[in-house]
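The values are calculated or read from the model by the stated rules, or taken from the named source; none is laboratory data. Predicted model, so just to flag it, every value in this text is computed and none were measured. Here the Cβ positions follow ideal geometry from the backbone for every residue, glycine too, while neighbour counts run over all protein chains shown. What goes into the accessible areas is simple: the full protein's heavy atoms, side chains included, and nothing from ligands, DNA or RNA. Shrake-Rupley method; radii C 1.70, N 1.55, O 1.52, S 1.80 Å.
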Amino acid sequence: MFTPPARAERIRAVGPVAGLPPALQHALDEQGFDPMPRPGPHDWLASQPEPGQTFAAFLARHPPSPDPARRVLYLQPFGPFDIGQEPPLDLLSRFAAAFFALEAVVLPTAPVTGVTIRINSQTGQPQLLTRDLLALLADQRPAGACCIVGITMDDLYPDPAWNFVFGEASPRDRAGVYSLARYLPGEAGPAAASLLLRRACKVLAHETAHLLGIAHCVFYSCLMNGSNHLAESDVRPLHLCPVDLRKLQHSIGFDVAARYRRLRTFAGDAGFTDETRWLTAQLLHIEQHPASA
Ligand SMILES: [Zn+2]
Ligand SMILES: [Zn+2]
């Protein structure tokens, strides 16, 4: 049975911070973060015991990091989309650019040619095989891509033995794909659109972080927590815990305060009030201290 790591273990997972710019050190302390709660019986960690990935373990994997010639994150929509069911691509690319501090580009919508399709026996709905979509994405990945992420409104499955999957990433191909099919709220309207956007942002950031070598998180309530069901991913925050923030910062090399400011502008425009509040508090905490180098 999974036991949430104690404070000393969490601090150890972040690793020593002496020598880092003061603003980054403050961004990596525990203020504003909740420790990982004990999982419920149907939650991810109850069925998929994972050890977690410390910052040191991340470095030991020699994760791919975007080199100066590969600073573009491509979003590849797979269509066609039904009227009124188009994913919010402009907002998603703005979010991705702010979250990863990279350029984000939306490619023209592509058809799913040559992809294996089955009908799910429980839902009666078609499902696309992720392996085939990942192969398509690897073929289409433009030069200069840090990675390419496919977005579809069709449901996905990773293997005939599985019922469905929210998304899948292939770090080797620097390609990931995810579906918004199971994220559509029951009813239409502005609240539903905002919920869909939040879910889409979360899965985009989660899957893309996997592409950069960041594994599931067991230390804090974190965007990188695994999830078994929608309620579990809905309570997950839209931001990274100190352990995973450190990994992303190391990989991309952004200024933490500048990144949080950009994310706050996006969260305000998107109407994510709780996230805007959280980012404002983090910025206050970071900027009380001398600016980072
Ligand atoms: Zn994951
Ligand atoms: Zn984390």
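Structural remarks
- Net charge of neighbours whose Cβ lies under 14 Å from the Cβ of L156, counting Lys and Arg as +1 and Asp and Glu as -1: -3
- Principal-axis analysis of the Cα atoms of the chain puts helix 89-100 at an angle of about 30° to the longest axis.
- The protection proxy used here, the mean number of other Cβ atoms lying within 10 Å of each residue, ranks peptides 11-23, 103-115 as follows, highest first: 11-23, 103-115.
- Vicinal HN-Hα couplings computed from phi for the stretch 152-160 (Karplus, 6.51 cos²θ - 1.76 cosθ + 1.60; Hz; Gly/Pro x): 9, 9, 7, 6, 10, 9, x, 6, x
- Extension gain, T113 back to S194 (0.36 nm per residue minus Cα-Cα distance, nm): 26.1 nm
- Here's the picture: a label point sits 7 Å out from the Cα of A57 along the beta-carbon direction, and within the stretch 6-45 the residues with their amide nitrogen under 18 Å of it are 6-16, 35-39, 44-45.
- The 1.4 Å probe gives accessible areas that order M1, M153, M224, largest first, as M1, M153, M224.
- Carbon and sulfur %, accessible surface of the chain computed with the full protein complex present, 1.4 Å: 56
- Rg ratio for the stretch 57-109: its Cα radius of gyration over 2.2 N^0.38 Å, N being its residue count, equals 1.46.
- Relative contact order computed over the stretch 137-227 (Cα-Cα under 8 Å; 6+ residues apart), in percent: 24
- Using only side-chain charges placed at the Cβ, +1 for Lys and Arg and -1 for Asp and Glu, the dipole size of the chain relative to its Cα centre rounds to 640 debye.
- Computed with a 1.4 Å probe over protein heavy atoms only, the accessible area of T273 comes to about 90 Å².
- Residues whose placed amide H lies under 5 Å from that of G150, excluding near-sequence neighbours: Q76, G176, V177, Y178
- Zero-based 10 Å bins, Cα pair distances in the stretch 123-272, whole percents: 10, 37, 38, 14, 1
- Over all projection directions, the Cα-based convex hull of the chain averages an area of 15.4 nm².
- Rounded FRET efficiency, nearest 0.05, which uses the C-beta distance separating Q125 from R71 and R0 of 41 Å: 0.65
- Table column - 3J(HN,Hα) (Hz), the stretch 42-54, Karplus curve with 6.51, -1.76, 1.60, x for Gly and Pro: 9, 7, 3, 6, 6, 10, 10, x, 10, x, x, 10, 6
- Counted residue by residue at 0.36 nm each, then reduced by the alpha carbon distance between them, the extension gain from D255 to R12 reaches 85.2 nm.
- Cα-based Rg / Dmax (Å) for the stretch 1-49: 14.0, 42
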